[in-house]
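The values are calculated or read from the model by the stated rules, or taken from the named source; none is laboratory data. This structure is a prediction, so every number in the text was calculated from the model and none was measured. Cβ coordinates were reconstructed from backbone atoms using ideal geometry, including for glycine residues, and neighbour counts include every protein chain displayed. Just the protein is used for accessible areas: all its heavy atoms, side chains included, with ligands, DNA and RNA removed. Shrake-Rupley method; radii C 1.70, N 1.55, O 1.52, S 1.80 Å.
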Amino acid sequence: MLVGVGWIGRRLFSCTGRRARDLLEELKVRGLVSQVSEPERVLHEKLSNGSRVHLYCGADPTARSLHLGNIVPLMVLLNFYVRGHDVVALVGGATGRVGDPSGRKTERSVMEEMDRIDNIARIKVQLARFFRNGWEYYSSRRGNGVCGKVRVLDNYNWWKDVRMLDFLSQYGRHIRIQSMLARDSVSARLDSAEGLGFNEFTYQILQAYDFYHMYREDGVSVQVGGNDQWGNITAGIDLINRADPNAAKMPAFGITTPLLTTASGEKFGKSAGNAVFIDPEINTNFDIFQFFYNTADADVARLLKTFTFLTIDEIDAAVSKHMQSPHLRQGQALLAREVTDLLHGCGSGENAQALSDIVFGEFADYNSISCERLIDMFSQAKLLHHATTKTSLTDLVAQLSKTSKSAARRILKQGAVYLGPARTKVTEDTTCWTPYLIDNQALLIRIGKQKCFLVKMV
Ligand SMILES: Nc1ncnc2c1ncn2[C@@H]1O[C@H](COP(=O)(O)OP(=O)(O)OP(=O)(O)O)[C@@H](O)[C@H]1O
Ligand SMILES: N[C@@H](Cc1ccc(O)cc1)C(=O)O
C-alpha cells in the first residue's frame, strides 16, 4: 500500500515520486482485466483525476443462482463500488427470454415463465447480498472508506415499454448488419450445422440498448462482463457512439475479465455443469470453503488476487510462506476463508474451517468450542439434523445416509459408524445416547470417512 499520496497536475503521485496506480491498473495487476475498449487512456485519466465513474454488469436469469464464474466480473464492479464509484447490477428479465448465444455451440432450451420469475427474484437478492457482504468484507480488511451507490435493476423494466415500430424507426439505422454478422457469437454459429435463430441473432441489440438506455438515463459509462461478452458490450458502445450526441465528450467503455476455467480449460459455469453457486440455499459456506481449499498450489495466488481484497503485498507474502511447506495447505486455507467471508459474511470462513477440521478428523479440542457454536456451524452447512432420544442408531444411520434400514444395519456391522467427539466405534444398534452427547443435547456422528453430522436430540 502507498503512503503519503498527493495531487500534482491532476495526477496522483506517491511520496516516492512514482505515479500511484489507478484502479484499472490495479485490477490489471490482479489479473481481473482481459480487454478494455478504446480510448483506454481517457478512462485512466478519469480514474486518476478522482472522477467517479458509473458501471454496470448484467446476468441473465438462466439458473436459480449466480455462480463463481459470474462473480469474476462482479469483482470488478465491487472493486469500484468499495472505492466510491456507483454501480448497477442488472438482471436480464428481458434478455433472459431471448437467450445469449455468446460462447455457446447450441441454442438454450426454453424456460418456463414461472421459473424465470423465480430466478429473477432470487438473483436480485443474491446481488444485493453480494454488495452488502462485499462492503463489510472490504471494510474489515482494508478499513473504512466511502462506498458508492449500488442499484439492482431488471432490464424488463424498460423493455416492457419499448414498441417494435418505434424501436426500428428510431434505432434501426444505427445498428449495422455487417457488425452484427461479424461478432464471434454470430459468425461461429453461422458456420455450424445447427445455425442460429433470429432470437439469438438479435440478442446483441437488446444488450446494446440496455447500455445505451442506462448511459442516457443514468450516466452509466462502463459495462463490465466476462470475456465472452466483448461482442455484446462493443455493440452497446457502437450504438451509444452513433445515437447519442454526448458520446464524443463522455465516451462509453467496456471492460472484460478473463473467464474462470476448470483444470481442463473449460469455462466454469451452468452450461458446462460444473458451477458452484453463491446462493447459501444451494451451496453452503462449507461447500465454498471446500471448493477453494481444494485449489491446486499453482492457482492459489491467481485466485487470491481475483476473489479477495488482500493487498498484493499480503498475497505475495502468504504465497511465499505457503510455498515453503505446500503440504500444510496454508495458502488454500487462507483463500478459502477469505472467499467464504466475502460471499457468506465475515466470520463464516472461520466457521467453515473449524467445521472442515471436525469433518476431516483434524479437530481435537472440543472443550474450546461451545455446543451452541457447533450447532450454528453444522446448521449453516446444512449438516444439522434432529432426532428424538427414542430413535435407534440403525434408524438414525438410515435417515442420515438416506438408505434403507437393512443397508443401515450393514453399515453398522462393517464398523463404519463412530459416535461422539471421542469417535467411539459402535457396531450394534442402541438407543443409549448419553455417553456420546455433547452438552447432553448434541450427537456428533461419523458415517464412513467423509460423512459427519451433528444431531440435536430432543
Ligand atoms: N466462468 C466464468 N468466468 C468469468 N466470467 C463468467 C464466467 N461465467 C459467466 N461469466 C460472466 O458472468 C456474466 C453473466 O453470465 P451468464 O448469465 O451468461 O452466465 P453463464 O454462466 O455464462 O451462463 P451459461 O453457462 O448458461 O452460458 C457474464 O458477464 C459472463 O461473461
Ligand atoms: N448477456 C449477458 C447478461 C446480460 C444481459 C443484459 C445486459 O444488459 C448485460 C448482460 C450474459 O448472458 O452473460
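Quick notes
- Calculated FRET value between ASN157 and GLN178, using beta carbons and R₀ = 35 Å, to 0.05: 0.65
- Sulfur and carbon atoms: percent of accessible area, the range 377-457 [1.4 Å]: 49 percent
- Cα-based Kirkwood hydrodynamic radius, the range 377-457, one decimal, Å: 12.4 Å
- 5 Å binning of all Cα-Cα separations within the range 310-375, expressed as whole percents from 0 upward: 4, 16, 20, 21, 20, 11, 7, 1
- Distance between modelled label sites at ILE369 and VAL29, nm, 7 Å Cα→Cβ extension: 3.8 nm
- Directionally averaged shadow of the range 204-343, computed from the convex hull of its alpha-carbon atoms, nm²: 10.9 nm²
- For the range 23-257, the alpha-carbon coordinates run over 53, 41, 33 Å along the three principal axes, in decreasing order.
- Placing R0 at 35 angstrom, the Cβ-Cβ distance between VAL42 and LEU168 gives a FRET efficiency of 0.60 after rounding to 0.05.
- Overall form of the range 412-454 per C-alpha gyration tensor (a/c, 1.5; a/b vs b/c): oblate
- Antiparallel DSSP beta bridges within the range 377-457, percent to nearest 5: 75 percent
- FRET E, pair ARG423, VAL146, Förster distance 56 Å, beta-carbon r, rounded to 0.05: 0.65
- Cα-based convex hull volume of the range 241-296 per residue, rounded to whole Å³: 178 Å³
- Pairs from LYS267/LYS456; LYS28/LYS249; LYS305/LYS382; LYS28/LYS270; LYS402/LYS425 whose Cα-Cα separation, in the structure shown, is over 31 Å: LYS267/LYS456
- From the alpha carbon centroid of the range 82-101 to that of the range 229-256 is 16 Å.
- Net dipole in debye of the chain [+1 Lys, Arg Cβ; -1 Asp, Glu Cβ; about Cα centre; nearest 20]: 320 debye
- For the chain, the Kirkwood estimate of the hydrodynamic radius, built from every pair of different alpha carbons, is 24.8 Å.
- Cα-Cα pairs of the range 129-288 separated by more than 26 Å (percent): 43 percent
- If the segment from ALA296 to PHE360 were pulled out straight at 0.36 nm per residue, it would be longer than the present Cα-Cα gap by 21.2 nm.
- Local electrostatic count at GLU372 - Lys and Arg +1, Asp and Glu -1, tallied over other residues with Cβ under 15 Å: 0
- Remark on the range 270-361: ratio of C-alpha radius of gyration to 2.2 N^0.38 Å is 1.06.
- Taking amide hydrogens as placed 1.01 Å from N in the peptide plane, the amide H of LEU153 sits under 5 Å from those of ALA89, LEU90, VAL91, each at least 5 positions away in sequence or on another chain.
- For ILE438, the solvent-accessible surface computed with a 1.4 Å probe is close to 30 Å², ligands and nucleic acids excluded.
- With every protein chain in place, the range 23-257: carbon and sulfur % of accessible area (1.4 Å): 51 percent
- Neighbourhood net charge (15 Å Cβ-Cβ; Lys/Arg +1, Asp/Glu -1) for PRO39: -2
- Rounded percent of accessible protein surface that carbon and sulfur make up, the range 270-361, 1.4 Å probe: 50 percent
- Accessible area (Å², per residue) of the chain, counting only protein heavy atoms and a probe of 1.4 Å: 47 Å²
- Each Lys or Arg adds one and each Asp or Glu takes one away; over the other residues whose Cβ falls under 14 Å from the Cβ of ILE278, this sums to +2.
- Percent of beta bridges antiparallel (DSSP, the chain, rounded to nearest 5): 50 percent
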